[in-house]
Amino acid sequence: MDYRFVKAFEFNFNFGTLLSVDFSTCSEASDLINLTEEIFNEIRDCINVRGIPNLIWFKGITNSVNPSNFTLITKMIRAVYPKQKIGIYLNCGIFQDEEFRNVFHGCDLVAINLNTVEHFQFSKINTCPEFINSKAVLEGIIEFSKNFKGKLGIYTLFLKDVNDSIKNVERLKEFLLRVMPDHYSVSNYMLNGFEPVSTDFKEGVKEILKDLPFKVIYMF
């Protein structure tokens, strides 16, 4: 079976076997409304062939997706696989909307991409829609962390000459200590012509973050 939404069934060192589902082919919410059953059927077919994964991992969900559709998909999964763990990777911009972010309380793992907490060029560096309010986003993440019962991760991509400053790392650390995620992951974005961040910067990141009271995963 050729899949439109299921992209991979693979082993991850931190989470075990992952069945990865990508929503990015849904350009509009109206598209997803008619495809909820198709997404679930792909997941079920993959599980029948490959077995039950440790985690079904959703990504590619944006502000244009109706949150009730994601809720329906997770209910369909757990109706058939009641013990299945579900994780999701989200852009930080989604957390501005209280109704939207509350949808994800039912997940077992929520990973948030957050590349800067600086208000200047917040939307550009975090690849959010331009209408996003940085203060509302950050407050939304903090509020979510207070009530979320699953595992919470924050992910930062450092881009050379964009957000690779010690000040940015220090501000991120201050924010992380307010959120207190279960883990924090840092990596170096090197696609689309970006060069690696400097060795000095990498060492500076590790020095600044060395005393955080939760797991830090370095992917550079």
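Structure values in brief
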| read-out | value |
| --- | --- |
| Additional length obtainable on full extension of the chain from Ile166 to Asn14, 0.36 nm per residue less Cα span | 52.0 nm |
| P(r) tail fraction, segment 104-152 - alpha-carbon pairs more than 15 Å apart, % | 47 |
| Radius of gyration, Dmax [the chain; alpha carbons; angstrom] | 17.7, 50 |
| Pairs beyond 29 Å (Cα-Cα), from Lys146/Lys167; Lys7/Lys146; Lys83/Lys210 | Lys7/Lys146; Lys83/Lys210 |
| Dimensionless Rg ratio for segment 122-220, taking C-alpha atoms and the 2.2 N^0.38 Å reference | 1.10 |
| Separation in nanometres of the label points that stand 7 Å from Cα toward Cβ, at Val49 and Thr36 | 2.6 |
| Helix-only mean residue ellipticity at 222 nm for the chain, each DSSP H run of n ≥ 4 adding -39500 (n - 2.57), per residue, nearest 500 | -11000 deg cm²/dmol |
| Eligible aspartates and glutamates near Lys215 by straight Cα distance, threshold 13 Å, same-chain separation 8 or greater | Asp182 |
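We did not get these values from a lab; they are worked out from the coordinates using the rules stated. If you're wondering where the values come from, they're calculated on a predicted model, not measured in any experiment. Don't worry about glycine lacking a Cβ; one is built from the backbone with ideal geometry, like all the others, and counts go over all protein chains shown.
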